[in-house]
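Below is one structure; the comments refer to it alone.
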Amino acid sequence: MRGKFRQISLPRRLVADLMHASAGVPLVSLKRTLNVRAIVEARARAAQVPGWAAIFVKAFALVARTEPTLRTLHVKWPWPCLYELPRSVGMVAIARVEKGEDCVLFERVCAADEMPLAEVDALIRRAKTAPLHEIPSFRKMLCVTRLPLPLRRLAWAIGMNFGRQRANFCGSFGVTSVAAYGPGELHALSPGPFLLSYGVIRPDHTVDVVLRWDHLVCDAALIAQTLTRLEQVLGGEIAAELGAGRPQADARLVRAAGNRL
């Protein structure tokens, strides 16, 4: 059957580069159903309702603040080692339509645990609508993607194998979801060490969460504990920030802020 050739767009080329970089990461996944009733009720009463992506980004960053392994990368240069970051760097998958084509780009959210939830949400919402050249993380990714293939491979090799650069390229964790398009369990690939995806919020106020991780960084026991802690943070610190949490959660936030001064 005779077809026609189509040029590969820059966003599609970026996905190809990401898949090539992800091929060497031994990702393993764990799925758990979390109770998010407190968040659902808090969002229903909030004057400004944050998106679920922002909620999960900040919640994971709060968990990682007290668990350094969740801020750790496995790198190969100058020799294989683990590289611990001082703060979390989240990479959020942003679905957009550019020149009539569906595409996915990635917004960088650094130290979400130190930001108000409204600010995290504003960053993500802006990344969905602002021109590509106005989003620094988009500009950087597409600049690398414009390079010829040999130079792109070299750039990604440097980005994947030096600790500081890997944090800039891939972050310390990612958040993605297809919940806006209906139910489904997403097991995505990522060059980063941790990738969280979430499904549709059910009528009983539960949600399926899949956490994928680099097995070179940690084992399943920590991931199971992380999901337990994530559920606690969603119902505690995050719900408290929305104005419907337990009073002791607010106290923890005040103490944490005092410790950072």
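Derivation of every value follows stated rules applied to the coordinates shown; laboratory data play no part. In this text, all values refer to a predicted model and were calculated from it rather than measured experimentally. Note that we place each Cβ from the backbone using ideal geometry, even for glycine, and neighbour counts take in every protein chain shown.
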Could you give the distance between the Cα centres of region 160-174 and region 201-227, to the whole Å? 21 Å
Have a look at L18, L195, L73 and tell me which one the Gaussian network model of the chain (Cα, springs below 10 Å) gives the largest fluctuation. L18
Among residues other than L73 whose Cβ falls under 14 Å from its Cβ, what is the net charge (Lys/Arg +1, Asp/Glu -1)? +3
Lys pairs in region 10-256 with Cα under 30 Å (8 or more apart in sequence, or on separate chains) total 10
What list do you get for M19, M1, M115 if you sort them by fewest beta carbons within 10 Å? M1, M19, M115
For the chain, set up a GNM with springs between Cα atoms under 10 Å and report which of A180, A111, A61 has the largest fluctuation. A180
Could you please report the charge total around S88, scoring K, R as +1 and D, E as -1 over all other residues with beta-carbon less than 9 angstrom from its beta-carbon? +2
Which FRET efficiency value, to the nearest 0.05, do you get for R87 and L149 by plugging their Cβ-Cβ distance into 1/(1 + (r/R0)^6) with R0 = 35 Å? 0.60
Summing -39500 (n - 2.57) over every DSSP H run of at least 4 residues in the chain and dividing by its residue count gives a helix-only mean residue ellipticity at 222 nm, to the nearest 500 deg cm²/dmol, of -13000 deg cm²/dmol
Starting from the Kirkwood Rh over alpha-carbon pairs, what translational D in µm² s⁻¹ does the chain have by Stokes-Einstein at 20 °C and 1.002 mPa s? 112 µm²/s
Cut-off 15 Å between beta-carbons: net charge of the residues surrounding K140, Lys and Arg +1, Asp and Glu -1: +4
What is the fewest-to-most order of V109, V217 by other Cβ atoms lying within 10 Å of their Cβ? V217, V109
Sites D204 and V15 - FRET efficiency at Förster radius 35 Å, r taken between beta-carbons, to 0.05: 0.50
